[in-house]
1. Only residues that are more than 24 Å from Ala50 (Cα to Cα) and either in contact with a Pro (Cβ under 6 Å, 6 or more places away or on another chain) or charged (D, E, K, R) (or both): list them for the range 250-271, please.
2. Restricting attention to the range 28-77, which residues are assigned to a strand (DSSP E or B) and either touching a Lys or Arg at 6+ places or on another chain (Cβ under 8 Å) or of a type in the set (A, V, I, L, M, F, W, C) (or both)?
3. Just the residues that are of a type outside the set (Asp, Glu) and farther than 16 Å from Thr80 by Cα, please, taken from the range 151-176.
4. State whether one or more residues within the range 227-237 are surrounded by 21 or more Cβ atoms within 10 Å (Cβ to Cβ), closer than 16 Å to Phe131 by Cβ, within 14 Å of the chain's Cα centre (by Cα) and not polar (S, T, N, Q).
5. Please work out which residue is surrounded by the fewest Cβ atoms within 10 Å (Cβ to Cβ), limiting yourself to the range 266-276 and to residues that are touching a residue at least 40 places away in the same chain (Cβ under 8 Å) and either within 16 Å of Pro38 (Cβ to Cβ) or of a type in the set (Gly, Ala, Ser) (or both).
6. If I ask for residues that are part of a helix (DSSP H, G or I) and surrounded by 15 or more Cβ atoms within 10 Å (Cβ to Cβ), which ones from the range 197-223 would you list?
7. What residue, of Leu159, Leu117, Leu106, is part of a loop (DSSP other than H, G, I, E, B) and touching a residue at least 24 places away in the same chain (Cβ under 8 Å)?
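The values are calculated or read from the model by the stated rules, or taken from the named source; none is laboratory data. Just so it is clear, the structure is predicted and the values come from calculations on it, not from any experiment. All Cβ positions, glycine included, derive from the backbone under ideal geometry; neighbour counts span all protein chains shown.
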Amino acid sequence: MPRVFERSWAQRMTDRNMLGFWFMLPAAAFLILFLVYPLGLGIWLSFTDARIGRGGVFVGLENYEWILGDSKFQLAVFNTLFYTFVASVLKFAIGLYLAILLNNHLPFKAFIRAIILVPFIVPTVLSAIAFWWIFDPQFSVLSWGLRKWGLISGNIDFLGDPWNARLSVIFANVWRGVPFIAITLLAGLQTVSPSLYEAATLDGASKWQMFRHVTYPILTPIIAVVMTFSVLFTFTDFQLIKVLTNGGPAGTTELMATMSYNTAILGGRIGEGAAISTAMIPFLLGAIMISWFGLQRRKWQQGSDNND
């Protein structure tokens, strides 16, 4: 029996599927420990009345009933969706434009690429502090520059006015997120064969037609992936809002992520904060599903049809 067991074990260890399982096991354990377990614990806490310093008891859907009827939560949902939609659209448009621009022959192209990456490399908190100074109501460099040019007569209250604050945090998020999209799409553009553009030029295609019928179809899978990540990162943004406005003024820049933190950690109501965090999951799954189903309807990668 021992020899049979050893022979069977040796065969298992040389099997490709088993080798793949053993190589994936450390990563799976890491994900379970740091992702699956916290997610499951958060969902469980959302059904309890847990507070900081004491455990909670099961209360069913009471926390969800509370947040659904809370006007602050409703405002946070609107802020989060508005913030995510506008910022994601702007990041995609600017990032795609920069990617196409950098894909052309430009002087000092390598240096320009490095400069574009700077906003993405700088820590989020440092970026938020810099923008907090830029948007300062008294010492704003933007207000100072506009006054020097004679475009305004007084300082702009960037972070004190509700809509100014919303647009200001969106501007800061776009500044940070554009490099990720631009560099990723640039990498995709460089995989497009020049012969396709040459053939389109011989057929008399305009630049817009070449983009629509050559560039865009090839970039579609990359766009779907990069925009999915962009939406997820923007929807769950925390550091930028927390440092720049802390949800103010009067909750007009409060996102679901910051509201969850303020409720659970600062307010001590762990169960209610966990319910707010858990309420973000359907939105995130929806973004992922839209991307996935969109890819299933397109023919890409060796001309295969994913609908088959």
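1. Thr252, the sole residue that qualifies.
2. The answer is Arg51, Phe58.
3. Leu151, Ile152, Ser153, Gly154, Asn155, Ile156, Phe158, Leu159, Gly160, Trp175, Arg176, listed by residue number.
4. yes
5. So the residue we want is Gly268.
6. Correct list: Tyr197, Ala200, Met210, Phe211, Val214, Thr215, Ile218, Leu219, Thr220, Pro221, Ile222, Ile223.
7. Selected residue: Leu159, the only one of Leu159, Leu117, Leu106 that is part of a loop (DSSP other than H, G, I, E, B) and touching a residue at least 24 places away in the same chain (Cβ under 8 Å).
Yes/no per residue for (1) at pLDDT 90 or above; (2) surrounded by fewer than 22 Cβ atoms within 10 Å (Cβ to Cβ); (3) not assigned by TED's automatic domain parsing to the domain that holds Ala130:
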position: Val225; (1), (2), (3): no, yes, no
position: Ile241; (1), (2), (3): yes, no, no
position: Leu244; (1), (2), (3): yes, no, no
position: Ser260; (1), (2), (3): yes, no, no
position: Thr278; (1), (2), (3): yes, yes, no
position: Ile281; (1), (2), (3): yes, yes, no
position: Leu295; (1), (2), (3): no, yes, no
position: Arg298; (1), (2), (3): no, yes, no
